[in-house]
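Below: one structure in structure tokens.
The values are calculated or read from the model by the stated rules, or taken from the named source; none is laboratory data. Please read all numbers here as calculations on a predicted model, not as lab measurements. Note that we place each Cβ from the backbone using ideal geometry, even for glycine, and neighbour counts take in every protein chain shown.
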Amino acid sequence: MNRTLVIGYGNTLRRDDAAGVYAAELIEKRYPGVECLTAPQLTPEMAVTLAHYRTVVFIDASTTANELRVTKLRPSAACPEYDSHKMTPQLLLDASNDLYGVVPRETIQIEIPARDFTVGELPSPAVREIVEHCVDEFPRLIYPASAGTV
Amino acid sequence: MSKTITIEPVSRIEGHAKITVQLDNNGDVTDARFHVNEFRGFEKFSEGRLLWEMPGITARICGICPASHLVTSAKAGDEVLAVDIPETADKLRRLLTLAQWMQSHALSFFHLSSPDFLLGFDSDPSKRNVFGLMAHDKELVRRGIRLRKFGQEIIEIVGGRKIHTPGMVPGGVRDPLDPAKREYLLECIPEARGTVKLALEILKKIHEEYKNDIPQFGNFRSLLVGLVSKNGGLEYYDGSLRIKDGNDNTIADQIDPRKFFDLFGEATEPWTWLKFPYYKPFDYPNGMYRVGPLARVNICDYIETPLAEAERRVFKEMSGNVGVVNNSFYYHYARLIELMFTVEKAEMLLSDPAILGKNIRAQASVNKEEGIGCSEAPRGTLFHHYWVNPDGSIKKANLLIATAQNNLAMNRTVRQIATHYIDGKKGKITEGILNRIEAGIRCYDPCLSCSTHALGQMAMQLEVLNSCGEVVALVSR
């Protein structure tokens, strides 16, 4: 189980909301061996998928981050509050842990600062630039101690 | 002083809505309404787009039932092209429709409704969800999630994508089925069948446990409308319309779905965007009818797969001498019967060598100015009606969504539950009472529109307003 999965999610018709999808697609092309899953939103059945990977990286647009934000996630002890319209990486990790007793060794959430959610198929130029930086730095973001390999 | 209670938004449904309950001076219920405050403009912005784009465009209406819109739109396109689609395309469209039912029905039971039943209507609302259910029955949740995943996988394999799937077109389908993927899907069938059996066993215990609540959950007679096959069997993709009343009398049968708009009208009310379809010969609002699992399982003469048929017989026995199960709570039971049907019928289709054929699309240009597509979506009968210019661009479109057809019945259900549980003399309106009112709506599993993203936290709020519109009490969760 030495596999890495990137889950990029967002609405590809709402410009910056697609930042995670855009990043995941570029990472898959750049780093052979990294698997990529894109989706409009997170869904509970992804908990089944998580259990099969050593490293899972969630990438999404964020309205609160001011710069690229990288957070390591750990299963939480308390019963999470669930909203079917707002599934989060933490909820999925907890679900994987509760249901299967297995979680990825590393679960990382990358948030890309985003501001333009108007109708359109590509993220704004500013966000595309951040996405490209995220892709360049991807190995160091998820394994800070590594020499840059995934 | 009269008061209005507002439940907004209604949770664990697909889309955004609110419920208001009007109280009189004694605190008793005088009226209750289900309001849909979304506006869907797909008909208007489809105008001018090409017929061949319509399946892809209309699949964007909803993130839960895109395959139903895709298939129904493609069928309307078939009619405009005046083609009979190849046998393989017909089978693949049927399989996709079944997969749509499978994932949607699994979502409704395991994710949205079973937390009420297994944790209790009065249990802690912060834990009354699929994750809270894990602590109660891990294996059930695990299996429920896998069953929905299986439905989604069929959609992805047959339609090309899980959400907003694009694989159906006027004249047929885009891609043939990969034989290796067919084998994979067949391997998944036994587990899926076992999961539905387990769910049926659990639901029967729920019927016993909630026997005091169930009689209030939309227990009334109405017309029941849906498609049946040529021989009167449960139908999901083709067939003709049958209308029965709440006493099991057949009001109309073998009706060409193209005649639907002659028989059914749409009324509007100023307090909601959702229209009120009704059966014209009975006028509005007496022409109230229900569609979806409860209607389909009630009106059909048989189900062609053995396990689902055995359950249908048990279901019908519950109706006693009436011959029709009129209580909306039993939408859940009918939904699970259909879920069993989807698994059994999917196995039949996948086992048929013709499903691997390579002839999957009939080619033609525009041959008619108008086309109507009709199929059974998870929540009921779905219609797409297009008027087309000679160049294939859409002149006008009209979509009749299943949820709207249950609008009169949903409002009556809300009223019935509120009237029973809210007692002016007791004064206190508990969270459990509010949840029962919401659960009445969840019986119908309405899909108001999933195509819009919700930003921020969805709250559940009860407001008590006096006659001046001032908030005199507020309960949030």
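Tell me, which helices (runs of 4 or more DSSP H) wholly within region A:1-103 include 2 or more residues that are basic (K, R) and either in contact (Cβ under 8 Å) with a residue 12 or more places away in the chain or over 26 Å from B:S113 (Cα atoms) (or both)?
A:19-30
The conditions are (1) in contact (Cβ under 8 Å) with a residue 24 or more places away in the chain; (2) within 12 Å of chain A (Cβ to nearest Cβ); (3) within 23 Å of B:E376 (Cβ to Cβ), and B:L140 fails exactly one of them. Which is it?
(3) is the only condition that B:L140 fails.
Do the conditions hold for B:A192, that is, is it closer than 25 Å to B:Y333 by Cβ, modelled with pLDDT of 95 or more and within 14 Å of another protein chain (Cβ to nearest Cβ)?
yes
Further question: Would you be able to say whether some residue in region A:60-67 is buried (at least 16 other Cβ atoms within 10 Å of the Cβ), under 20 Å from A:L93 (Cβ atoms), within 11 Å of another protein chain (Cβ to nearest Cβ) and of a type in the set (D, E)?
no
Out of A:L73, A:L122, I need the residue that is at pLDDT below 90 and away from chain B (no Cβ under 14 Å). Which one?
When all the criteria are applied, what remains is A:L122.
Quick check on region A:95-105. Is at least one of its residues more than 27 Å from B:V141 (Cα to Cα) and at pLDDT 90 or above?
Checked region A:95-105: no residue is more than 27 Å from B:V141 (Cα to Cα) and at pLDDT 90 or above.
State all residues of region B:122-148 that are of a type in the set (D, E, K, R) and either in contact with a His (Cβ under 8 Å, 6 or more places away or on another chain) or buried (at least 22 other Cβ atoms within 10 Å of the Cβ) (or both); if no residue qualifies, say none.
Within region B:122-148, B:R128, B:R148 qualify.
Hey, another quick one. Can you find, within region B:232-251, the residue that is surrounded by the most Cβ atoms within 10 Å (Cβ to Cβ) among those that are assigned to a strand (DSSP E or B) and within 20 Å of the chain's Cα centre (by Cα)?
Per the criteria, the residue is B:L234.
If the requirement is being within 22 Å of B:V71 (Cα to Cα) and not aromatic (F, W, Y), which of these qualifies: B:D301, B:D283, B:D256?
B:D256
Limited to region B:192-213, what total is found for residues that are touching a His at 6+ places or on another chain (Cβ under 7 Å) and within 22 Å of B:I433 (Cβ to Cβ)?
0
Exactly one condition in (1) within 25 Å of B:A99 (Cα to Cα); (2) at pLDDT 95 or above; (3) within 29 Å of the chain's Cα centre (by Cα) is not met by B:H384; state its number.
The number of the failed condition is (2).
If you check B:I154, B:I163, which single one turns out to be within 14 Å of chain A (Cβ to nearest Cβ) and either over 17 Å from B:P55 (Cα atoms) or crowded, with 23+ Cβ neighbours inside 10 Å (or both)?
That would be B:I154, the only listed residue that is within 14 Å of chain A (Cβ to nearest Cβ) and either over 17 Å from B:P55 (Cα atoms) or crowded, with 23+ Cβ neighbours inside 10 Å (or both).
Checking the structure you have, find out if any residue of region B:310-330 is in contact with a Lys or Arg (Cβ under 8 Å, 6 or more places away or on another chain), touching a residue at least 12 places away in the same chain (Cβ under 8 Å), surrounded by fewer than 15 Cβ atoms within 10 Å (Cβ to Cβ) and not hydrophobic (A, V, I, L, M, F, W, C).
Yes, that holds for at least one residue.
Is it the case, given these coordinates, that A:T49 is more than 27 Å from B:R442 (Cβ to Cβ), within 14 Å of another protein chain (Cβ to nearest Cβ) and touching a Pro at 6+ places or on another chain (Cβ under 9 Å)?
No.
Further question: Run down B:G56, B:G48, B:G63 and say which single residue is assigned to a loop (DSSP other than H, G, I, E, B) and at pLDDT 90 or above.
When all the criteria are applied, what remains is B:G48.
Something else now. Got a number for residues in region B:340-373 being surrounded by 21 or more Cβ atoms within 10 Å (Cβ to Cβ) and without any contact (Cβ under 8 Å) to a residue 24 or more places away in the chain?
Counting residues in region B:340-373 that are surrounded by 21 or more Cβ atoms within 10 Å (Cβ to Cβ) and without any contact (Cβ under 8 Å) to a residue 24 or more places away in the chain gives 0.
Report, by residue number, each residue of region B:99-132 that is part of a helix (DSSP H, G or I) and under 18 Å from B:E431 (Cβ atoms).
Once the filter is applied, which keeps residues that are part of a helix (DSSP H, G or I) and under 18 Å from B:E431 (Cβ atoms), region B:99-132 yields B:L112, B:S113, B:P115, B:D116, B:F117, B:L118, B:L119, B:G132.
Please verify whether region B:252-275 includes one or more residues that are at positive phi, in contact (Cβ under 8 Å) with a residue 40 or more places away in the chain and surrounded by 15 or more Cβ atoms within 10 Å (Cβ to Cβ).
no
Exactly one condition in (1) modelled with pLDDT of 90 or more; (2) more than 24 Å from B:T165 (Cα to Cα); (3) touching a helix residue (DSSP H, G or I) at 6+ places or on another chain (Cβ under 9 Å) is not met by A:E35; state its number.
(2)
I'd like to verify a number: residues in region B:166-192 that are in a helix (DSSP H, G or I) and buried (at least 16 other Cβ atoms within 10 Å of the Cβ), how many?
So the answer is 5.
A further question on this structure: Tell me which residues, restricted to region B:387-403, are at pLDDT 95 or above and either hydroxyl-bearing (S, T, Y) or in contact with a Leu (Cβ under 9 Å, 6 or more places away or on another chain) (or both).
Passing the criteria: B:V388, B:D391, B:G392, B:S393, B:I394.
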